[in-house]
Amino acid sequence: MELIFEIRDAEEGGYCARALGRAIFTQAETWEELRRNVLEAVSLHFEESAVCSRMVQLHYVRDE
């Protein structure tokens, strides 16, 4: 299974990440922190499930 996260700049600074098609959301101040938070959120989301994501993609979206 593959999960795709849409990454946007947070209004108050940092980043917000939302999984497409799943109720998974996290945020962080830095890109490295965001990566760790996304992996932790995915792990917690599927904690009691036999199905777990094998690939997580982060797609940075920036409004110009």
Looking at residue 54, is it within 13 Å of residue 7 (Cβ to Cβ) and basic (Lys, Arg)? no
Only unsatisfied item for residue 59, checking (1) surrounded by 12 or more Cβ atoms within 10 Å (Cβ to Cβ); (2) part of a strand (DSSP E or B), is (1)
Only residues in segment 38-61 that are among the aromatic types (Phe, Trp, Tyr) count as the first member; pair them with residues that are at pLDDT 95 or above and not in a helix (DSSP H, G or I), Cβ under 6 angstrom, at least 6 apart or cross-chain, and list the lot. 60/7
Out of all the residues in segment 1-54, which are under 12 Å from the mean Cα position of the chain (by Cα), of a type in the set (A, V, I, L, M, F, W, C) and in a loop (DSSP other than H, G, I, E, B)? 20, 23, 24
What are the residues in segment 1-35 that are at pLDDT 95 or above, closer than 16 Å to residue 46 by Cβ and either touching a Gly at 6+ places or on another chain (Cβ under 7 Å) or surrounded by fewer than 18 Cβ atoms within 10 Å (Cβ to Cβ) (or both), if any? 4, 20, 25
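The values are calculated or read from the model by the stated rules, or taken from the named source; none is laboratory data. All figures in this text were calculated on a predicted structure; none of them were measured in a lab. FYI the Cβ positions are ideal-geometry reconstructions off the backbone, even for glycines, and counts take in every protein chain you see.
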